[in-house]
1. If I fit a long axis through the Cα atoms of helix 27-71 and take the longest principal axis of the Cα atoms of the chain, what angle between them do I get, 0 to 90°, rounded to 10?
2. As an exercise, use a Förster radius of 35 Å and the Cβ-Cβ distance of residue 50 and residue 29 to find the FRET efficiency, rounded to the nearest 0.05.
3. Kindly provide the helix-only [θ] at 222 nm of the chain, computed as the sum of -39,500 (n - 2.57) over DSSP H runs of four or more divided by all residues, to the nearest 500 deg cm²/dmol?
4. What's the tally of Lys pairs in region 6-53 whose alpha-carbon atoms lie under 18 angstrom apart, where the two lysines are 8 or more places apart or on different chains?
5. I need the Debye-formula profile for the chain: one equal scatterer per C-alpha, no solvent, reported as log10 I(q)/I(0) at q = 0.12, 0.20 1/Å, two decimals.
6. Show me the ranking of peptides 32-38, 13-19, 65-71 by mean Cβ neighbours inside 10 Å, starting with the highest.
7. Counting Lys and Arg as +1 and Asp and Glu as -1, each charge on the Cβ, what is the dipole of the chain about the Cα centre in debye, to the nearest 20?
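Derivation of every value follows stated rules applied to the coordinates shown; laboratory data play no part. Since this is a predicted model, take the numbers as computed values, not measurements. Here the Cβ positions follow ideal geometry from the backbone for every residue, glycine too, while neighbour counts run over all protein chains shown.
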Amino acid sequence: MSEDTIDSKNPVLTFEGKKYFINELSKEIKESIKGLQIAETQLKMHEDTLKLLTISRNSLANQLREKLKEID
C-alpha cells in the first residue's frame with residue numbers, strides 16, 4: 001500500500017496495483033486505510049526495537065565472553 005501525492009487536494013492510494021482517489025472513498029474505507037497505516041508504523045517501530053535489542057544482546061554476550069576469558 002502506498003499513498004501517492006499527485007495532487008494534495010486529491011491524493012491517490014495505490015493498493016495491489018490499482019489506484020484510488022482517496023477523496024472518493026467511503027469513510028469506512030478511509031478508516032481502514034488509517035488503521036493499516038498505524039499498523040505499518042507500529043510494525044516498523046517494533047522491528048527497529050528488535051534490531052536494537054539484538055545489538056544489545058550481542059554486546060552483552062561479547063562482554064560476558066571477555067570476562068569469562070579472565071577466569072580461564
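1. 10 degrees
2. Details: r = 31 Å, r/R0 = 0.90.
Between residue 50 and residue 29 the formula returns 0.65.
3. Values: 1 runs with 45 residues, N = 72.
Theoretical 222 nm ellipticity from helices: -23500 deg cm²/dmol.
4. 10
5. -0.53, -0.88
6. Details: 32-38: 11.9, 13-19: 9.9, 65-71: 7.9.
With the highest mean Cβ count within 10 Å placed first, the list reads 32-38, 13-19, 65-71.
7. Value, rounded to 20: 140 debye.
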